[in-house]
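Some notes on the structure that comes next.
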Amino acid sequence: MIDPERFRHDRSAYERPTFPYRCGRAALWGKPCARGPNIDGTCGGTTECAPFFKDDRYECRRPRTAGGPCAEGPLPDGTCSQQQPPCVPRPTLRAYRGRLTLLSVALTVALIAAFLGLPPDGAGTLTSVNPGPLSGAHANFTKDRGCVACHEAHDQGVRGWLKAAFSADDLDQQCVTCHVFGGPANLAHNATFPGRADLAETTCIMCHTEHKGEDADISMMSAAQCNSCHKLKAPRFASGHPDFGPRFPYQERTAIHFDHTRHFNIHFEDPRYVDRAPQGCVSCHEVETAEREVRPAGFEKTCAACHAKAIPRKELVVLNLPEFTENLIDREDVLEACGPTLEALDSLRDRIAAMAAGEAVEEEELEDYESVSWDSPTAIGAYLLGIDGDDPEAYQQPMQELVLAMATSGAGPLAQVIAERSDPAAPNALLAGLSPETAKQAACAWAANLEYEAPAEAEFGGWYGDGTEIRYRPGGHADPVVKAWLEFAIAAAAGAEDEEDRSRAEAMRNQLLSVSDGPGGCIKCHAVSAPSPTDGQNAAADVMLNIEWTRPGATDRFYTRFAHKPHITLLGPGAGCRACHKLDETADYGKSFKTWDASAFVSNFKAIGIATCTACHAKGQVREDCQLCHLYHLEPAFKKGML
Amino acid sequence: MRSRQIAIMWIVAAVLFAALAYHAHEVRLRLGNPVILTGYLLFAVMVGLGLFNLRKKLPMLPLGGATTWLELHAVGGVFAIALFWLHSGALWPNGPYEQLLAVLFYLVSFTGIAGYIIQRSYPRRLTQTGIEVIYERIPGELADLRDEGQNIVLACTDETGSDTLARHYTETLEWFFRRPRFFLNHALGGRGSEHWVRRNFTSVERLLNEAEHRHWEKLRALAEAKNKIDFHYAAQSLTKWWPLSHVPLAAAVLALALWHLILVNVYAL
C-alpha cells in the first residue's frame, strides 16, 4: 500500500486490465490467485503454477509474488501439487464496456431498421426519415402520396437512394408542380431586375424549410435576411425604412373626379342637399368588403341621389341638318322616297278644287331656296362624311346625299357611313335603339327643307328627331350608346389618316369629351388619361386616350400589400379613417383633371407618412417585420389543378 | 499538461466556434443553408472525439500524451455541444428521430461532463489519502487486511484469554472488513466511514484491558487503512465506471448521426 516497494516487479503481479476476464475470487472480495483467468474465461488458478519440464524433471514455477517455488514441487506427471477449487472468472470493466457498446450500436441499427419499414401513419411517424411534422397545408396534400410527394428517392429502393445521395436533389421541381408565380420561380422575387445580373438563382428551400411542426410559419423571414440583398438596409420598420414619399399613397390620379374637400365643406353643408349628404366615410366606402382598398359603392348608392338627373340633360347630337346654299335634292326623288308632304297635299288639293271649279290653275312657281337651318354640321357628322363644316359649298353635296339616302332607307346609310369610318360592327353599339323610321322621317323632313317635328320627345331616353337634329338622350348612368360614342371618338382621333381627318376627329373627340357639354356629362366625373404621364393635353392627337370607366384595382403594386380591414376593425369604421386619411383643404384637386396626365395629381388628402404607421407598428407594439407589408414572391398562386 | 496550454485550447475552440457561428449567420442571411457545413463539421468532431477511445487502445503509437488527448476530448466535447445547437438551431428538434438523437447526444454530453469532473477532481483527493492502490488489486488488498485483522483477533484471544475483541469483531467489524463499504458516502466526499470506525472501536475500547488494547489499536489501524482503500475503491470505481455509459451512448450517437447524414444526403441535398 504505502510502501512503494510493494510495487517492485518481483513483489507485485503485473495487472492486465485490458484482459477480458478477471479472477472470480477477487470479484467476491477474496484473494485473487496469481495466475488469473484464462483468455477464454475459464479459471486459470486451479493450480498455483504450470510446472516446467527441464533436464528430465519438472520444476515448480510458482512466481515469487505468490511465494516462490513450493516445498512439495510438481507431481511426477508434471501437474502442480498445489491444487485449489476453480473460480468463476468475471468480465472486466473493459469487456463490459465493449459489450455495452456493441449492444447499443446493435439496438440503434435495429431500431432504425424496424421503423424504416413501417407505413407513414401510426408507429411509422417514428421512422428515421421523418424529420418532423409538416406544416398544416403541406401535411394535407401529402397525406395520400406520403414522402414521395416531395422526395422522389423515397420509394426507389437502395439504388435510388444511392443515386440520390450522390446527386443534387431538386426539391423545387416538386414545389412548382403546385405553386406558380408571376415570373421564374428560381429568380429573386420571381423577376429580373435591371442592373442586378449578379443575383444568384434561388431555390425554394433557401427560405422555406419544412418539417418544423404543424404550426410552423415556413415563410417567415427576418429583416436581416431582406437586408442582406437590399442595398437600402432597414433593420426595423421604425428605424431605417425609407419614407413613403411626398404623395403616398396618392400617386395616381383617381378614376373619378370626386373632390372630397368641396363635397364635405360646400355641397354637403348646402341646405339643399344636406338631407342627402353622407354621414361619413363609410356611407360611400364599403368597409364590409375592405381589403387593400375600401372601394366606394357604385354610382347608384353614392352619387345618384344628387347627380342622376343631370345625365339625361346632356344629350348627344349625332347628325343635324346644316345650312345649305342650294338644294341639290331632286323633289321627285324626295316624293318617291317620302311621298308628298302635308303642305304639298294641301297645295294639290287646292289646285284640284280650283280646276273643278273651272278656275285657271297656274303652274306652281318654285320659290327661291332658303335653307331651313343656319347651323353648321355636327362634329360627328363632319367627321363621318369627311367634310369641312365651315364651308357649305363643300359639305352640302355629301350631306344632302346622305339626307336623301336616309330618307330613302332610314338609318342604314348612316350606319354604313359609320361602318366605313370604323368597323362593320360599330353601328350596332353606336346606333343601338335608333329607329329606322325616326331616321327616315327626320331625313324626309330635311330633304324637303323642313324642320322635323317629332311626334313626341324621348322622355325616358333614347333616339329622337328634333327640328334639324337627330339626338340621343342618355337613359342614365353607364349608358352604353354614349359610352360607345366616346370611345369611338377617341379611337377616331387616334387612328386618323391625314391632317384634315385628324383635325375633324379631334374636334369630334374634344366635343364629346367636353367636361361641360359632353354627352351624359360622363367626363365631368370620369377621368381621361393618356397612356403615359408624358402625354399631356398637348400630346399628339393620335394618342389613344383612356376613359377610366372603372376604378383600377391595386394589384399592380408588386411586392406590397396592405389590408384596411384590420385597421378598420381596430380603429373603428368612422373617425378611424381620418386617423390616417386627413383632408388637405388647400390642395387644388380639380386641377389634376384638366389634363390627361394621370401622374400630375394633387390629392384631396395629405400624404401618409411613415410616422403614421410607426405610431403603432413599432417594437413592442404591433408587428413591424418586412413581410407584414411586403411580399417576396411575384403574384404567388396555385396551379388550377390544386384548387 | 500545463494550464496555459489548456487555456489556449479553450480559447482556440471558442474563437473557432465564434467564427463558425458568425459564418453560419452570414450564410443564413444570404439565404444559404449553413446546416450543411455545421452538420458535416459536427459529425467530423464527433468522429474525432471517438478517436480518443481508439488512441487508448494504441498506446504504443507516438500520438501525443493521454493528458493532451483528454483535454482535447474535453474541449472538443464542449465544442460539439455548441455546434449541435448551432446546427439544429434549437435545443429540441422536431422529428422523432432527431429527438432520439438529441436525447442521446445530451446524455453523452452529460456523462462526458460528469466524467471530466470526476477525472479532474478525484485524483487530487486520492493523492490526499497518502496511499496508492491499483484498482484491480483492491480485492487482494482487502483480503490481506481481512486476514491480518483475523490474525490480530486470534492473537488477542490467545494472548489474553478474553474473547471480547473477538466477539466484537465477529459481530460488528467483520461486516466492515468483508468488502468495500460506504461507497456512496466516499464518492460524495462524506466521512461516514470514519465516524463508523470511530464509534465502533470506541464502543468496545472501555471493555478492554491493557493487553487487549494493544491488539485493539492494531485492529483500528487496519480499519483506518481500509477506510482509505474503500475511498480509493469508490473514487476509482467512478473514474472507471462512467465510461460504461459514455462510450456506448457515444457509439449509439455516432451510429444515429451517420444514418442521419445518409438521410440528409438522400432526401435534402
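Computed from the coordinates by the stated procedures, all read-outs in this text should not be read as laboratory data. Predicted, not measured: the structure shown is a model, and the values here were computed from it. Glycine also receives a Cβ, built like all others from the backbone with ideal geometry; neighbour counts cover every protein chain displayed.
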Lysine pairs, Cα distance under 27 Å, 8 or more residues apart or cross-chain: how many in chain B? 6
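Normalised by the number of residues in the stretch A:1-91, what is the relative contact order in percent for Cα pairs under 8 Å and 6+ residues apart?
31
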Roughly how big is the protein assembly as shown's charge dipole about its Cα centre, with Cβ charges of +1 (Lys, Arg) and -1 (Asp, Glu), in debye to the nearest 20? 12480
Using unit Cβ charges (K, R positive; D, E negative) and no other charged atoms, how large, in debye to the nearest 20, is the dipole of the stretch A:1-91 about its Cα centre? 360
Above 19 Å lies some portion of the pair distances; for the stretch A:1-91, what is it as a whole percent of all C-alpha pairs? 47
When chain B is treated as a Gaussian network with springs between alpha carbons less than 10 Å apart, the largest mean-square fluctuation among B:140, B:112, B:48 is found at B:140
Partner chain coverage, peptide A:103-110 - average Cβ within 10 angstrom: 5
Taking the number of other C-beta atoms within 10 Å as the exposure measure, put A:517, A:388, B:158 in order starting with the fewest. B:158, A:517, A:388
Convert each backbone phi in the stretch B:121-132 into a coupling constant with the Karplus relation 6.51 cos²θ - 1.76 cosθ + 1.60 (shift: θ = phi - 60°), then list the ³J(HN,Hα) values in order as whole Hz, x for Gly and Pro. 9, 5, x, 5, 5, 5, 4, 5, 6, x, 10, 10
Once amide hydrogens are built 1.01 Å from N within the peptide plane, the residues lying 5 or more places from residue A:22 or on another chain with amide H under 5 Å from its amide H are A:90, A:92
GNM on chain B, Cα springs under 10 Å; top mean-square fluctuation among B:31, B:222, B:70 goes to B:31
Sorted by chain and then number, the residues having a modelled amide H within less than 5 Å of the amide H of residue A:630, at least 5 places away or on another chain, are A:561
Along the three principal axes, how long is the stretch A:205-271 when you take its alpha carbons, biggest first, rounded to the nearest angstrom? 66, 32, 22
Applied in sequence order to the stretch A:22-27, the curve 6.51 cos²θ - 1.76 cosθ + 1.60 (Karplus, θ = phi - 60°) yields integer Hz couplings, x standing for Gly and Pro, of 10, 4, x, 5, 5, 4
Amide H contacts under 5 Å for residue A:635, restricted to residues at least 5 apart in sequence or on another chain and with H modeled in the peptide plane, are A:182, A:559
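Using a 10 Å cut-off around each Cβ of peptide B:256-265, what is the average number of partner chain Cβ atoms that fall inside?
That average works out to 4.
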For the stretch A:316-473, fraction of C-alpha pairs farther apart than 22 Å, in %: 44
Return the lysines within reach of residue A:524: Cα separation strictly under 17 angstrom, same-chain partners fewer than 8 residues apart disregarded; answer none if there are no such residues. A:309, A:314, A:483, A:591, A:594
So for A:167, A:592, fewest C-beta neighbours within 10 Å to most, what's the order? A:167, A:592
Can you sort B:25, B:260 so the residue with the fewest Cβ neighbours within 10 Å comes first? B:25, B:260
Kindly write out, for the stretch A:161-177 in residue order, the coupling ³J(HN,Hα) from the Karplus curve 6.51 cos²θ - 1.76 cosθ + 1.60 (θ = phi - 60°), rounded to whole Hz, with x marking Gly and Pro. 5, 4, 5, 5, 5, 10, 9, 5, 8, 10, 5, 4, 4, 6, 5, 7, 6
In terms of the alpha carbon gyration tensor, root eigenvalues a ≥ b ≥ c, rounded if a/c is under 1.5 and otherwise prolate when a/b exceeds b/c or oblate, the protein assembly as shown is prolate
Among B:96, B:180, B:34, the residue with the largest mean-square fluctuation in a Gaussian network model of chain B built from Cα contacts under 10 Å is B:96
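How crowded by other chains is A:31-37, given as the mean number of beta carbons from other chains within 10 Å of each beta carbon?
Averaged over the peptide's residues, the number is 2.
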With an 8 Å cut-off on Cα pairs and a minimum separation of 6 or more residues, tell me the relative contact order of chain B in percent. 24
For every other residue with a beta carbon closer than 10 angstrom to the beta carbon of residue A:277, add +1 if it is Lys or Arg and -1 if Asp or Glu, then tell me the sum. -2
Inter-site label distance for residue A:106 and residue B:2 at 7 Å from Cα along Cβ, in nm: 4.9
If you filter the stretch A:233-270 for trypsin sites (Lys or Arg not before Pro), then keep DSSP loop positions with at most 13 other Cβ within 10 Å, what is left? A:233
